[in-house]
Amino acid sequence: MSAIFKTFPVLKRFLGVWVLVMATSQITACALPGAGVDVGGDLKLLYAPFSLDHPPRYWTVDQKPSASQDLSRTSASASDLPLQWSDKDGRIALAARPGLGSFEFGRRTNVIVLASPYLSFDWQFNSTAQIGDIELELGFRRQRQGSWRESDLGSGKPAIDQLVRIPVGQPSVQYGEWQREYFDLSTLYRRYWPEARSDEVRLVWIGIVPGRDHKPSVSGITYLTHILLSR
């Protein structure tokens, strides 16, 4: 895995990462049996489609067209909404079009960063997409193992101590090309919170949201697939 990170020096782009430190007055316990990695150490996401209207357990999908589309939530068809599944180059991918409206798409997790520290995903732009049209959200919590309740399955976005936002895209990649990104989560976390005990840090949320630094093109599409947590 170390050779892969030398080949893909993604961590050099951290200057483009938005970091939000969220101070919470209370941290509710929220363990997710079955929401962590499998016995092989992997948690595979976006490898197969599911209903965006009725997502499976641990997933959150909230989207609506922009006012300029002049569409109500009930009358909008799938093609009018900013998120839809696409068969892109033989891959099942999430097609995100933030120019069509707002959305929050994500999954709760319960992953000790030291146990499964590597995150990877594939992305592709169409000809009008821009860097940062969408951002990857990573939510972290500092909590000891013993204070997580196995009976609390939870729903929606969990309580988060630190939220890292990573703009998707690179200037050197042409549209129509698939690109794979790799991140070392423990290195990423220590970069911003070096005093935290790593054995108490968990990744509790992986999300996809529109970017905040520019207005995307209505025709711009960012494709995402094969989000993987591994060790």
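So, in nm, how far is label residue 214 from label residue 67 when the simple model puts each one 7 Å beyond its Cα toward the Cβ?
Modelled inter-label distance: 2.4 nm.
Assuming a ≥ b ≥ c are the square roots of the Cα gyration tensor eigenvalues, decide whether the range 162-231 counts as rounded (a/c under 1.5), prolate (otherwise, with a/b larger than b/c) or oblate.
Numbers: a/c = 2.38, a/b = 1.86, b/c = 1.28.
It is prolate, given that a/c is not under 1.5 and a/b is the larger ratio.
How large is ³J(HN,Hα) for each residue in the range 54-66, as worked out from phi by the Karplus curve 6.51 cos²θ - 1.76 cosθ + 1.60 (θ = phi - 60°), to whole Hz, x for Gly and Pro?
With coefficients 6.51, -1.76 and 1.60, one gets 9, x, x, 3, 6, 8, 10, 10, 9, 9, 7, x, 6 Hz.
Going by average Cβ neighbours within 10 Å, how do the peptides 198-205, 168-175, 105-112 rank, with the highest at the top?
Numbers: 198-205: 20.0, 168-175: 13.5, 105-112: 22.1.
Order by mean packing, descending: 105-112, 198-205, 168-175.
Pull out the extension gain between residue 155 and residue 177, defined as 0.36 nm times the separation in residues minus the alpha carbon to alpha carbon distance; nm, one decimal.
Working: separation 22, 0.36 × 22 = 7.92 nm, distance 3.51 nm.
Extra length available between residue 155 and residue 177 comes to 4.4 nm.
Starting with the highest mean, order 129-140, 48-59 by the number of other Cβ atoms within 10 Å, averaged over the residues of each peptide.
Values: 129-140: 22.8, 48-59: 12.3.
By packing density, highest mean first, the sequence is 129-140, 48-59.
How long is the gain from residue 230 to residue 44 if the chain were fully straight, where each residue apart is worth 0.36 nm and the alpha carbon distance is subtracted?
Working: separation 186, 0.36 × 186 = 66.96 nm, distance 0.86 nm.
Contour length minus Cα-Cα distance gives 66.1 nm.
Bear in mind that the values in this text are calculations on the coordinates, not laboratory data. It should be emphasised that the depicted structure is a prediction, and the values quoted were computed from it without experimental measurement. Neighbour counts are summed over all protein chains in view; Cβ atoms, including those assigned to glycine, are modelled from backbone coordinates with ideal geometry.
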